[in-house]
Amino acid sequence: MPKVSTSDFRNGLTIRMDSEIYTILEFLHVKPGKGGAFVRTKLKGVTTGKVLEKNFRAGETVESVRVERRNYQYLYNEGDIYHFMHLETFEQITIPAERINRAEFLKESETVTVVVDADQEEILYVDPPDQVVLEITSTEPGVRGDTAQGGNKPAELESGATIQVPLFINEGDQVKVDTRTSKYLERIKS
């Protein structure tokens with residue numbers, strides 16, 4: 001496995017540390033008045049999702065992990081097992097629910113990104129698209145006059161997720177949702 005120095009750190013770099021795989025979310029080179037320089041990092045565990053902060057001495061090396069991002073189509077799920085198909089080879093794979101980020105926003109036939117450890121061909125995690133268009137399956141009807149000050153109400157999406165939407169949104173409307181923040185973005189005109 002290739003080693004990388006702290007001078008090669010960048011956001012999104014994937015490293016192996018203590019037999020766990022982490023992605024660097026943030027890093028900062030610090031040179032204090034006394035003592036040696038160091039690199040302060042914020043790391044996210046790829047399989048655990050746990051975020052931790054760690055300092056590395058300047059020039060320290062860690063093992064890097066080569067990852068590949070592959071596009072797959074989400075087919076369906078059976079309980080906690082999700083089925084995907086590679087868009088070019090049509091190979092089908094199954095992935096357990098704990099490896100899928102924000103699974104509540106998956107919609108059948110949606111294209112997702114499967115992140116794979118390229119050296120060991122191990123599936124690390126699945127990311128849905130950053131923005132998805134979903135239909136509102138149930139929400140309370142908005143009352144005329146309630147929109148003067150704005151306001152939100154809960155709405156259930158066709159994927160099963162519940163988000164806050166403006167009062168003028170009704171059942172059957174198509175909405176665009178940011179999957180990273182679970183926030184309503186806009187209503188889609190049909």
Charge tally in the Cβ shell below 12 Å around Lys176, where Lys, Arg are +1 and Asp, Glu are -1, Lys176 excluded: -2
Under 30 Å from Lys34, Cα to Cα: lysines that are on another chain or at least 8 residues apart: Lys3, Lys42, Lys44, Lys54
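Report the charge-dipole magnitude of the stretch 67-127 in Debye, nearest 20, computed about the Cα centre from +1 at each Lys and Arg Cβ and -1 at each Asp and Glu Cβ.
220
Under a Cβ-Cβ cut-off of 9 Å, what is the net charge of the residues other than Phe27 that fall near it, where Lys and Arg count +1 and Asp and Glu count -1?
On the way: positive: Arg10, Arg40, Lys42; negative: Glu26.
Taking every Cβ under 9 Å from that of Phe27, the sum is +2.
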In range of the label at Asp8: residues from the stretch 37-79 whose backbone nitrogen is under 17 Å from the point 7 Å along Cα→Cβ: 39, 56-68
Built amide H within the under 5 Å cut-off of Glu158, gap 5+: Glu135, Thr137
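Report, in debye and to the nearest 20, how large the dipole of the chain comes out about its Cα centre when Lys and Arg carry +1 and Asp and Glu carry -1 on their Cβ. Mind dumping the intermediate values first?
Details: 24 positive and 31 negative charges, 254 e Å.
That gives a dipole near 1220 debye.
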Chymotrypsin sites (Phe, Trp or Tyr not before Pro) lying in DSSP loop within the stretch 1-105, provided at most 16 other Cβ fall within 10 Å: Phe90
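Taken together, the values in this text are just the output of simple stated rules run on the coordinates, not laboratory data. Bear in mind the structure is a predicted one, so any value in this text is a computation, not a measurement. Neighbour counts run over all protein chains shown; Cβ positions are idealised from the backbone, glycine included.
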